[in-house]
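Reading through the structure tokens given below for one structure.
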Amino acid sequence: MLALAFIPALAIGVLAINAALAMNLQPRPGQEGMVLPGLIGTGLLFLVVQRLHFWLVDKTLRRRDS
């Protein structure tokens, strides 16, 4: 249960740090338009990892039941 609760907390922390850095630091010239896609990509990556984690837990629990 601790592992399942850790992933959302980690995602919130990483996205908050990314948002704070995006608001306080200037991107390199030519990369101004990459801040928002980078944040969205990071969020999507966390969703994929969370979904994978759920799938692996379900697979393990089903194996134990049979």
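The values are calculated or read from the model by the stated rules, or taken from the named source; none is laboratory data. Keep in mind that this is a model prediction, so the values were computed, not measured. Every residue, glycine among them, receives a Cβ derived from its backbone with ideal geometry; neighbour counts consider all protein chains shown. Surface accessibility is based on the protein's heavy atoms, side chains included, excluding ligands, DNA and RNA. Shrake-Rupley method; radii C 1.70, N 1.55, O 1.52, S 1.80 Å.
Surface analysis of the chain yields an accessible area of 86 Å² per residue, using protein heavy atoms and a 1.4 Å probe. Compute a Gaussian network model of the chain, connecting alpha carbons closer than 10 Å, and tell me which residue from G33, G41, G13 fluctuates the most. For the chain, modelled as a Gaussian network with Cα springs under 10 Å, the answer is G33. Rolling a 1.4 Å probe over the protein heavy atoms of the chain, with every protein chain left in place, gives an accessible area that is 71 percent carbon and sulfur. [x] 13.6; [y] 13.9; [z] 12.2: which one is Kirkwood radius over Cα pairs in Å as calculated from this entry? Read-out from the structure maps to [y]. Working from label points 7 Å from Cα in the Cα-to-Cβ sense, the E32 to F6 distance is 4.1 nm.
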